[in-house]
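Report on the following structure.
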Amino acid sequence: MKVKLRRSGAKIMASLIVLLGSLSYIMILAVINGSVGFIAAMGVTVFGATGVAKALDIMGLCAEIPLAWGWIIGLVVGCGAIRGGLRYLEQYSNHYIAFNLLAVLRDKIFGALRVLCPAKLESKQKGNIIAMITSDIETLEVFYAHTISPICIAVLVSLAVFLFVGFVSSWYLALVVLAGYIVIGIVVPLISSGKLKASGVNYRREFAGFNAYFLDSIKGIKDIVLNNAEKDREREVNRRSDILLKETKKMKNGITKSSAATELMVTLFIAASLIVGILLVHFEIIDLGRMLIGVVTIFGSFGPVLAVSALPGNLTQTFASGDRILSLLEEKPAVSPVTNGKIFEYENLNVKDLSFAYEKNAPVLQDVCMHAEKGEIIGIVGESGCGKSTFLKLLLRFWEKDKGEIDYNGIDVDKIDSDNLLENVTMVSQTTYLFDESIEDNLRIAKPDAMQEEIERACKMASVHDFIITLPDGYKTQVGAMGDNLSAGEKQRIGLARAFLKGSQLILLDEPTSNVDSINEGMILKSLAEQKSKKSIILVSHRESTMAIADRVYRVDDGIIQEVK
């Protein structure tokens, strides 16, 4: 399946260049250094050819060369020295820009992810995001360090060579080299880019997909082994690997053909300039010395346009990576954060005629009505997939409600300051994510300045304190990557302890006891019952037994919530 870019290559390049911002002056400096440096490199051979022409002048085979031998030798040596210094400055400038912009882009991506989460990120594969932050960003380094300035340098150097050959040697030779620049620097790259675009986009897509699948395989290795699914997973990894290899071969094959076509064109135009030069001497339009200077200048001038001609192979991947990154940066969040909104301190919640659908004509919740007062435990029960978790997310404004009201203390949720809402309302989801840090550090996410006594109190409320103190390092125990050193139930109870530690007045619990045994469930429910005098708790579960502590219970069936009398 072919994947098309959402934007044209020109639009992607323009958008990426705009990101230069205040670094644009360094890019201009890099272009000047590169152009003057390449002209200096050409000067070595040109002034060498001038020395040969002067020798021919002494033998009476061409017109007089006014430059003295000392000047010719000095210019050859000087051009070589200048080339070295300016080449260093050009590369330093380009990479300075590239690495600074990579840091800026990563910051922008993380900023975009913060705005898009949590709603929009639920539909994105984590492997794709990791590929974007790593390989896609690294691909753009090539664009900033090895694409923008080479194109500008090619234009400036080609123009300088055209004028030099025209004024010093012959305008006929100048027109030949101009035609060569146009074919090698514009026509061939455009043709190659068109042929390589599909393979480049497909390669980036397959690479990101393989990354995502392989990351999932590593994360789920225990379940794969326990379910004896290694062979099936291995076959799928190999299949995806073969597809990626196939796309890589297509892209490399296209790049090889493009390089061969470019080299052929260079050879043809060098031969054409030599033939034209010989004819000009034969018909006495120019002398041998001027022809030699012009032809040698042309021979050494194709470097910048060759660099441009070689770009399509990298640009196809650059465009694909740039397109993906720009799409993320331009993606609109499901809801826009409310800043400078109304402030409240939770007392009650009222929901009236609430309806919501992820897709048109596929309602998840319809005309929902419920209320909760401080000091109450509200139970919401229903089968998996009936809309219970979606309802909790709407209470936190993760998604924009389609119609109806969600009022906190009589204030509509859409008018409440987003930070203030999250201070008053905390949700514990079915799956608790733990960072590869200590248990204590994971708990302090909820309250960085918490005292040790507060942390232990919260853990006792969540029935996890006794487990933690049995560990070799207690609260300093490292949980491992993705919390793999802990069971699902232990992670869930730590997540509940986080909610208690934060101290929000309304706690939303999504299946808080789904991963614990009946003994721990009883202890957790007892702790929740003890907390209800201080705050509200909305408890979502598919277990009827969990509802025993609820003051009121609502049942969800096909998106409709009704109070159980």
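The values are calculated or read from the model by the stated rules, or taken from the named source; none is laboratory data. In this text, all values refer to a predicted model and were calculated from it rather than measured experimentally. Cβ: placed from backbone, ideal geometry, glycine included. Neighbour counts: every protein chain shown. The accessibility values were calculated without ligands, DNA or RNA, using every heavy atom of the protein model including side chains. Shrake-Rupley method; radii C 1.70, N 1.55, O 1.52, S 1.80 Å.
General remarks:
- P(r) for the stretch 184-243, from all Cα pairs and a bin width of 5 Å, is 4, 16, 18, 15, 11, 9, 8, 6, 5, 4, 2, 1 %, short bins first.
- Two-site FRET efficiency, F283 against K250, from Cβ-Cβ distance with R₀ of 45 Å, rounded to 0.05: 0.35
- This model, with +1 at the C-beta of Lys and Arg and -1 at the C-beta of Asp and Glu, gives the chain a dipole about its Cα centre of some 1560 debye.
- Calculated [θ] (222 nm, deg cm²/dmol) that DSSP helices of n ≥ 4 give over the chain, each run adding -39,500 (n - 2.57): -19500 deg cm²/dmol
- Taken as Cα centroids, the stretch 140-166 and the stretch 433-509 sit 58 Å apart, rounded to the nearest whole angstrom.
- Highest mean packing first, where packing is the average number of other Cβ atoms within 10 Å per residue, the peptides 175-186, 431-442, 295-306 line up as 295-306, 175-186, 431-442.
- Fully extending the segment from M451 to T477 would add 7.6 nm, taking 0.36 nm per residue of separation and subtracting the current Cα-Cα distance.
- Extension gain from T470 to D557, taking 0.36 nm per residue of separation minus the Cα-Cα distance: 27.0 nm
- A straight Cα-to-Cα reach below 17 Å connects K252 with the aspartates and glutamates E206, D242, E263, residues fewer than 8 places away in its own chain not being considered.
- In the chain, the longest principal axis of the Cα atoms and the axis of helix 230-282 are about 20 degrees apart.
- The H on the amide N of S487, modeled in the peptide plane, is under 5 Å from the matching H of no residue at least 5 residues off or on a different chain.
- Of the options (i) 40; (ii) 19; (iii) 22, only one is percent of Cα pairs over 46 Å apart as computed from these coordinates, and that is (i).
- Folded to 0 to 90 degrees: helix 311-330 orientation relative to the chain principal axis, Cα: 30
- Taking the 1.4 Å solvent-accessible surface of the stretch 419-565 as the whole, the part contributed by carbon and sulfur is 50%.
- Cα→Cβ-extended label distance, 7 Å offset, between K360 and A271, nm: 6.2
- Rolling a 1.4 Å probe across the protein heavy atoms gives the chain an accessible surface of 49 Å² per residue.
- Between the stretch 220-290 and the stretch 332-365, the Cα center-to-center distance that results, in Å: 52
- Cα-projected label distance for S336 with S15, points at 7 Å along beta-carbon direction, nm: 2.0
- Degrees separating the helix 488-502 axis from the principal Cα axis of the chain, which is the longest one: 80
- Among S193, N228, Y554 - extreme Cα towards positive end, dipole of the chain, charges at beta-carbon: S193
- Dipole of the stretch 276-409, positive direction: furthest Cα of L328, C386, M370, with charges on the beta-carbon: L328
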